[in-house]
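Reviewing the structure listed below.
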Amino acid sequence: MNKKSNTLKTWILISCCFFILICSIVYFIQHKSGNRPDTHSIVLTDVGFDTSITFEANCTKEDFDSYVAIVKESFIHYNQLFDQYNAYEGINNVYTLNHEAYENPIEVDPELINLISYSLAFNEKDTAFDITQGKLLDIWHTYREEGLEQNAQHKSGRLPSEEEIQEARTHSGNDKIQIQDHTIRFTDPEFMIDLGGIAKGYATQKTAEKLQDEGLHTGFINAGGNVVLIGHKSDETWNIGIQDPNKQSSLLQLKTAEPLAIVTSGDYQRNYEVDGVQYAHIIDPKTGYPPRFHRSVTILCKDSTLADALSTALFCMSLEDGQHFIQENYPDVGVVWIDSKDTTPIKPDLSTSRYDIYITANYKDKVRLN
């Protein structure tokens, strides 16, 4: 009887030990997988800039959660700082400047000073990029928002009058903004600035830098077409699509082993229709109207702030002028122009039934048709 009891106790002890071993293995596997580097991604729709933000990273789940918090905080901060349409408690932003800087010098965040100064310096090189055309851009914004509502009801929008456009253009110019220490003052009561052509690129670049400072080695941010690649992929190249202006799909494929900023300006982004004609959201400061040189311009370089400014500027320049400008000022920058078929006598590098495509020499071997 005692022998049988001892045997039973032994089997029970062995079974308990085996059960504990299995539980330990399961826990170890689960714990290990939770801290193993893997690819994680998220789409954020509530962090500003009127667009969705896609963030992808190769890291542990725990690290990814902390990186997502950085992305959210960073984009919300920059959206509020550069917003020209809304005020926020405790922040002197672009809206504050446009409404109060004529009456008194306004003290602002050093980053706002830096981006405005950067933009004014860029304008000295190329007047096709001009943040001082805020009055003109505000008029077009009003008509575009009204037009989008009309278009949604299958009705035609309206254009601003020639008088409105030309009058607004008189309230622009680098000489109408004064920067001293941490304050900004305007010298024209109708003067306004608009950082829409560069703010998202700056925000994306700074957010990527913050992520790298916190230890992220591989990933990317896509802020509504403003893409920043972070680090190198361990076993493959980055493959980035460049959108077909008439479709949601990619027309071109960029292959690169290097981390880059990729920014596209196109006539299909936030446009509206008037009497059967589409009007882009980008306005040429030289004419006061949306330009019609290109379907899209894509910039490839190391810095998203520069890429954003260049994509806006080159969209407002002819192909010949754009090629000359890049060669003279930014020979290391890559550019891809997508034009409607047969709109320029220059031989294209690639072509389709709809488009002629031009690529700077330094990226011709990295861009191909999809």
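The values are calculated or read from the model by the stated rules, or taken from the named source; none is laboratory data. This is a predicted model, so every value here is computed, not measured. Positions of Cβ are generated from backbone atoms using ideal geometry, with glycine treated the same way; all protein chains shown enter the neighbour counts. Ligands, DNA and RNA are excluded from the accessible area calculation, which covers all protein heavy atoms including side chains. Shrake-Rupley method; radii C 1.70, N 1.55, O 1.52, S 1.80 Å.
Can Ser340 be described as open to solvent by 20 Å² or more (accessible area, probe 1.4 Å), under 21 Å from Ser250 (Cβ atoms) and either polar (S, T, N, Q) or modelled with pLDDT under 95 (or both)? In short, yes.
Select from the range 305-332 the residues that are crowded, with 24+ Cβ neighbours inside 10 Å and hydrophobic (A, V, I, L, M, F, W, C) and write down the one among them that is nearest to Asn114 (Cα to Cα). Across the range 305-332, the extreme among qualifying residues is Ala309. If you go through the range 242-278 and keep only what is in contact with a Leu (Cβ under 7 Å, 6 or more places away or on another chain) and open to solvent by 40 Å² or more (accessible area, probe 1.4 Å), you end up with just Gln243.
Rundown of residues vs (1) outside any loop (DSSP other than H, G, I, E, B); (2) touching a residue at least 24 places away in the same chain (Cβ under 8 Å); (3) at positive phi, yes/no style:
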{"site": "Ile240", "(1), (2), (3)": "yes, no, no"}
{"site": "Phe293", "(1), (2), (3)": "no, yes, no"}
{"site": "Val297", "(1), (2), (3)": "yes, yes, no"}
{"site": "Ala313", "(1), (2), (3)": "yes, yes, no"}
{"site": "Ile326", "(1), (2), (3)": "yes, yes, no"}
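Checked against (1) modelled with pLDDT under 95; (2) in a loop (DSSP other than H, G, I, E, B), Met192 passes all but condition (1). If the condition is being part of a strand (DSSP E or B) and either among the hydroxyl-bearing types (Ser, Thr, Tyr) or at pLDDT below 95 (or both), then the range 244-262 contributes Ser250, Lys255, Thr256.
Filtered by the rule that a residue be hydrophobic (A, V, I, L, M, F, W, C) and open to solvent by less than 20 Å² (accessible area, probe 1.4 Å), the range 288-304 gives Val297, Ile299, Leu300, Cys301.
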